[in-house]
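Take a look at the structure set out below.
Each reported figure results from applying straightforward, stated rules to the coordinates on display, with no laboratory input. On a predicted model such as this, the values are computed, not experimentally measured, just so you know. Every residue, glycine among them, receives a Cβ derived from its backbone with ideal geometry; neighbour counts consider all protein chains shown.
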Amino acid sequence: MKFLEIINLHKVYKDKKTEVHALRGVSLEIEKGEFVCIEGPSGSGKTTLLNLIGGLDLPTQGKVLIEGENIYEWKESQLAEFRLKNIGFIFQTYNLIEVLTALENVEFPLLLLRVLKKERRERAEEFLKMVGLADMMHRRPAELSGGQQQRVAIARALVTEPKLVLADEPTANLDSKTGMKIMDIMRDMSEKLKVTFIFSSHDPRVIKSAKRVVELRDGVIEKENDEK
């Protein structure tokens, strides 16, 4: 059984009399622990595909199976709980809570999972050390650089020990040097923790860091490059 199966996925957005076909029958299989880049220009459907894989949106047609389970057959409450426990999200805008410290931001999903305070703190500290922020745990987002905020976001996505991490243009707001450091951290953590990473990008340097590249154009898969 494949870890992730995407079957004939379509997504149509309707705006008054206009229909926008964001995805046009995308099918894809991804094994556990893969480090995959969804590559394509703006408007190719990358973000839509990630949102559908993560259950943040519903398809017009098709299925997403995670370990054989069709996530669209679940009630919203079941899907929300599954996301919290099994999927980590990394956004290009970081989405950190401004009034919380880096440590508190990383702790937050564990709080939602009702993990006891001592364990929450220990796990959050551990993951911040893993992304190289041991000395900045008590700083708030405004006191951190863009690259440091993205590292906090990575630690937050991984602290629940998810099976899958989805990252939408994770280096888009970073300079090229910092962006490559972020990719190195993500790839290293994928290998160490055996987590499946799927990220989107249109940056050639970022795409090269992937073990497998799926090229998306106008809502369809144009080409797949095998694992390097």
Note to self: For the pair residue 74/residue 161, report the inter-label distance in nm, with labels modelled 7 Å from Cα in the Cβ direction.
What the structure shows: 1.8 nm
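Could you sort the peptides 188-198, 34-44, 113-123 by per-residue average Cβ neighbour count (10 Å cutoff), highest mean leading? Don't jump to the answer; show the numbers that get you there.
Values: 188-198: 17.6, 34-44: 19.5, 113-123: 13.1.
Listed from highest to lowest mean packing, they are 34-44, 188-198, 113-123.
Between residue 32 and residue 188, what FRET efficiency follows from the Cβ-Cβ distance if R0 is 25 Å, with the result rounded to 0.05?
According to the calculation, E is roughly 0.90.
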Margin query: Set the bar at 31 Å for Cα to Cα. Now go through 11/181; 46/194; 46/117; 11/192 and name every pair that lies beyond it.
Written below: 11/181; 46/117; 11/192
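Indicate the gyration tensor shape class of segment 44-111 (rounded, prolate or oblate), computed on the Cα atoms with a ≥ b ≥ c the square roots of the eigenvalues: a/c under 1.5 is rounded; otherwise a/b larger than b/c is prolate and the rest oblate. Kindly include the intermediate steps, with their values, before the conclusion.
Details: a/c = 2.94, a/b = 1.65, b/c = 1.79.
Oblate.
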Margin query: Using a 7 Å offset from the Cα along the Cα-to-Cβ direction at both residue 81 and residue 220, what is the distance between the two label points in nm, to one decimal?
Written below: 4.1 nm
Notebook entry, point to check: What list of ³J(HN,Hα) values in whole Hz, one per residue of segment 211-218 in order, does the Karplus curve 6.51 cos²θ - 1.76 cosθ + 1.60 (θ = phi - 60°) give from phi, with Gly and Pro shown as x?
Noted result: 7, 8, 10, 10, 8, 10, 9, 6
Next item on the list: May I ask you to evaluate 6.51 cos²θ - 1.76 cosθ + 1.60, the Karplus curve with θ = phi - 60°, for each residue of segment 173-190 and list the ³J(HN,Hα) values in order in whole Hz, giving x for glycine and proline?
Entry: 9, 10, 5, 4, 5, 5, x, 5, 5, 4, 5, 4, 4, 4, 5, 4, 6, 4
Margin query: Taking amide H atoms as placed 1.01 Å from N in the peptide plane, list the residues 5 or more away in sequence, or in a different chain, whose amide H sits under 5 Å from that of residue 25.
Written below: 9, 10, 11
Next item on the list: Give me the number: length gained by fully extending residue 113 to residue 98, i.e. 0.36 nm times residue separation minus the C-alpha to C-alpha distance, one decimal in nm.
Entry: 3.3 nm
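With a/c under 1.5 counting as rounded, go ahead and sort segment 125-169 into rounded, prolate or oblate using the C-alpha gyration tensor (a ≥ b ≥ c being the square roots of the eigenvalues; past the cut-off, prolate if a/b is larger than b/c, else oblate). Could you put the intermediate results ahead of the total?
Working: a/c = 2.57, a/b = 1.39, b/c = 1.85.
Oblate.
Determine the percent antiparallel among the DSSP beta bridges restricted to the chain, to the nearest 5.
Percent antiparallel among DSSP bridges in the chain is about 55.
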Notebook entry, point to check: Just from its helices, what would the mean residue ellipticity at 222 nm be for the chain, if runs of 4 or more DSSP H residues each count -39500 (n - 2.57) and the sum is divided by every residue, rounded to the nearest 500 deg cm²/dmol?
Noted result: -10500 deg cm²/dmol
Notebook entry, point to check: Tell me, in nm to one decimal, what length is gained between residue 172 and residue 20 on full extension, where the rule is 0.36 nm per residue of separation less the Cα-Cα distance?
Noted result: 52.3 nm
Notebook entry, point to check: When we measure straight from the Cα of residue 85, which aspartates and glutamates land under 17 angstrom away, once same-chain ones fewer than 8 places off are left out?
Noted result: 67, 69, 76, 107, 119, 161
Notebook entry, point to check: In nm, to one decimal, how far is the modelled label at residue 67 from the one at residue 138, with both set 7 Å along Cα→Cβ?
Noted result: 3.9 nm
